[in-house]
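Presented below is the structure to which this report refers.
Every number in this text was worked out from the coordinates using simple rules, so none of it is lab data. The model shown is predicted, which means the values in this text are computed figures rather than measured ones. Note that we place each Cβ from the backbone using ideal geometry, even for glycine, and neighbour counts take in every protein chain shown.
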Amino acid sequence: MDKKITNEQILNASNNGVIATDAAGYITLMNKAAEKILGFDREKTIGAYIPDILPITGPLVITCLKTGEHQLGRHILGKSVSLVVNVTSIQEKNRRVGTVCNFESMREFELTASKLVSYQQLNEQLDAIIDSSFDGLWVCNEEGRVVRINRASEEINGVKADQVLNKKMEDLVSEGLIDRLLLRS
């Protein structure tokens, strides 16, 4: 049997920086990505009071410890690095025993966001192409479920999208809808 993977190995495999604190706000853990992103030496940072070494992020951690309110999607504009930070409390038996702070550089976050925007733009372009076609088009996913029909198909076949969306083609065949459509054409 292979050697068991440790929690430290899992944390160090993450591309996001991860710092954990105890209930008083002292750093108990820092992964390699956090060390690299922040430019800190983990060995020297463990045990430090987080507001002392991270003057912008530290107060978010202390607020989370005091109130239990997660601090999500916070943009931190530092002198040497800009980050997107999430701070969540660690609970044990209905009491806060620490926090976990995960973050990534703003550049990485923006790259991910731009990919999402690009994907959304491609979807909008594909929708425009499908809707502008005079041919009746049906789009199905890998399960054979109808995920889209265009307006031309609604007009040609007399079927509204809400009648067929999310239904499997085999179900539409067994319901007789496909036969009725074939008879119309």
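Couple of notes before you dig in:
- Within the listed set D22, D162, D127, the Gaussian network model of the chain (springs between alpha-carbon atoms below 10 Å) gives the highest mean-square fluctuation for D162.
- Note on segment 7-109: semi-axes of the ellipsoid equivalent to its C-alpha gyration tensor, largest first and rounded to whole Å, are 19, 15, 13.
- If you take the alpha carbon atoms of segment 1-53 and fit the smallest convex hull around them, that volume is 86 Å³ per residue.
- Kirkwood-type radius of segment 133-184, with distances r between different C-alpha atoms, in Å: 11.0
- Sorting the segments 76-83, 154-161 by their residues' average number of neighbouring beta-carbon atoms within 10 angstrom, most packed first, yields 154-161, 76-83.
- Straight-distance crosslink candidates among lysines, where the alpha carbon sits under 18 Å from K32 and sequence neighbours closer than 8 are dropped: K44
- Hydrodynamic radius (Kirkwood) for segment 60-139, which is based on Cα pairs only, to one decimal in Å: 16.0
- Between segment 26-50 and segment 63-138, the Cα center-to-center distance that results, in Å: 23
- Point-charge dipole on Cβ atoms (K/R +1, D/E -1) for segment 7-109, about Cα centre, debye to 20: 160
- Mean Cβ neighbour count within 10 Å, used as a protection proxy, ranking 98-107, 60-69, 117-126, 130-139 highest first: 98-107, 60-69, 130-139, 117-126
- Taking label positions 7 Å along the Cα-Cβ direction at both R42 and F134, the computed distance is 6.5 nm, reported to one decimal.
- Counting every alpha-carbon pair across the chain, the share separated by more than 25 Å comes to 56%.
- Spherically averaged projected area in nm², based on the convex hull that wraps the Cα atoms of segment 92-147: 8.2
- Of the trypsin sites (Lys or Arg not before Pro) found in segment 1-58, those that fall in a DSSP loop while having at most 16 other beta-carbon atoms within 10 Å are K3, K4.
- Lysines with Cα under 20 Å of K93, excluding same-chain neighbours fewer than 8 positions away: K66
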